[in-house]
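Okay, so here's the structure we're looking at.
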Amino acid sequence: MVRTGGLRWAGTPAWAIALPLAGVIMLIIVWGRELNPVLVILAGAALIGGVVTAVHHAEVVAHRVGEPFGALILAISVTVIEVGLIVTLMISGGAATASLPRETVFSAVMITCNLIIGLCLLVGPIKHWTVRFSAQGSTGAFAVLATLVSLTMVLPAVTTSAPGPTYTGGQLAFAGAMSLMLYGVFVFVQTVRHRDYFLPVEVLQEADSPQPSRGEHDHDPPPSNRTTLVSLALLVLCLVAVVGLAKSESPALEGGLVAAGAPHGVVGVAIALIVLAPETTAAVRAALRNRLQTSMNLALGSAMASIGLTIPVIAVASIWLPTPLELGLSPADIDLFAITVAVGILTLTQGRATVLQGVVHLAVFASFLFIAFNP
């Protein structure tokens, strides 16, 4: 018997099989067609079900393979499908989607670094008073992330070889190669060279903490190989359904945002929020179990995978795409990124946090969201 998320189960529960299948069936029904209000509601319900089930199966796989492999599997799975979504939208959308990679990827960075980390540093300390994580692993990951964002989205805004916020072909190839190299080295360090830096921190109960810091499910036996493989396959189905339904819902979402007078760039924020919903839920659940390092692995790993895999693929795909890529950030976004880096350094170098750090990160995300609606 294995307990995951407070439920005891033998094998895979029926709902965890039914919801991914329902999501894929709904995706087949709505793919490539204009949605009426009923289909919008049904697709939205299937999308939410896919997010919840994806988190369940990700936790099963993570419990079997251990950290940091569990967080890495979820991050890479979501990112691979996200890349496919971006390329598909760019091929079908033409010149109007030239800035879509920038909007989606930068939104993912702000969501992971401020919303997800902020929520985890809020709910974790509320329950456990003071929380701890590995400063070595988290600051190393954050350094890679800051470098990736600077290479791929800050520099195109200031280079002069190509007009506008774009790279030349050679510059884009260099940025793509460096992104892939940095992400590859990080994965090697995370999983082989210094894996201990990314494992959950075992902390004795502190004198100023009224809550025990031991994880809620520390001694649960891992699931069987068969159960793990079934959950891995269903996790992929869930992610396909979530991203595909997000794409199908995006025209209705964009229409609603336009009707509300929101700028076009908000669509990228909305899509990133939907795509990152599984990681957000899984990270918050880990924080509630006092596993902040798992939350950091999920948040920072997702952001790095989003850049380290997306930019190289987009760089290759740009050969066939009908429009140049507008990767450079606006001055406002560069300022918000600089604030995020400063706040992130001050938070992660301590290796411990209270609700104060969580509120600060959430305030930065609220500022990003406000500026997205009011540029």
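Every read-out reported here was derived from the displayed coordinates using simple, explicitly stated rules and does not represent laboratory data. If you're wondering where the values come from, they're calculated on a predicted model, not measured in any experiment. Counting neighbours? That spans all protein chains shown, and the Cβs are built from the backbone with ideal geometry, glycine included.
Let me check I've understood the local charge: for Thr228, count other residues with C-beta under 13 angstrom from its C-beta, Lys and Arg +1, Asp and Glu -1. What total comes out?
+1
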Residue by residue through the range 169-182, what is 3J(HN,Hα) from phi via Karplus (6.51 cos²θ - 1.76 cosθ + 1.60, θ = phi - 60°)? Round to whole Hz and write x for glycine and proline. x, x, 5, 5, 5, 4, 4, x, 5, 5, 4, 5, 5, 4
Through the Karplus equation 6.51 cos²θ - 1.76 cosθ + 1.60, θ set to phi - 60°, convert the phi angles of the range 286-299 into ³J(HN,Hα) values in whole Hz; use x for Gly and Pro. 5, 5, 5, 8, 6, 10, 5, 5, 4, 4, 5, 4, 5, 5
Spelling it out for Val131: with amide H atoms placed in the peptide plane at 1.01 Å from N, the residues 5 or more places away or on another chain with amide H under 5 Å from its amide H are Ala353
With a sphere of radius 13 Å drawn around the Cβ of Met110, what net charge do the other residues whose Cβ falls strictly inside it have (Lys, Arg +1; Asp, Glu -1)? -2
³J(HN,Hα) computed for each position of the range 156-161 - Karplus, 6.51 cos²θ - 1.76 cosθ + 1.60, integer Hz, glycine/proline x: x, 7, 10, 6, 10, 5
Using a simple charge model, +1 on the beta-carbon of Lys and Arg, -1 on the beta-carbon of Asp and Glu, nothing else, what dipole does the range 224-375 show about its Cα centre, in debye to the nearest 20? 700 debye
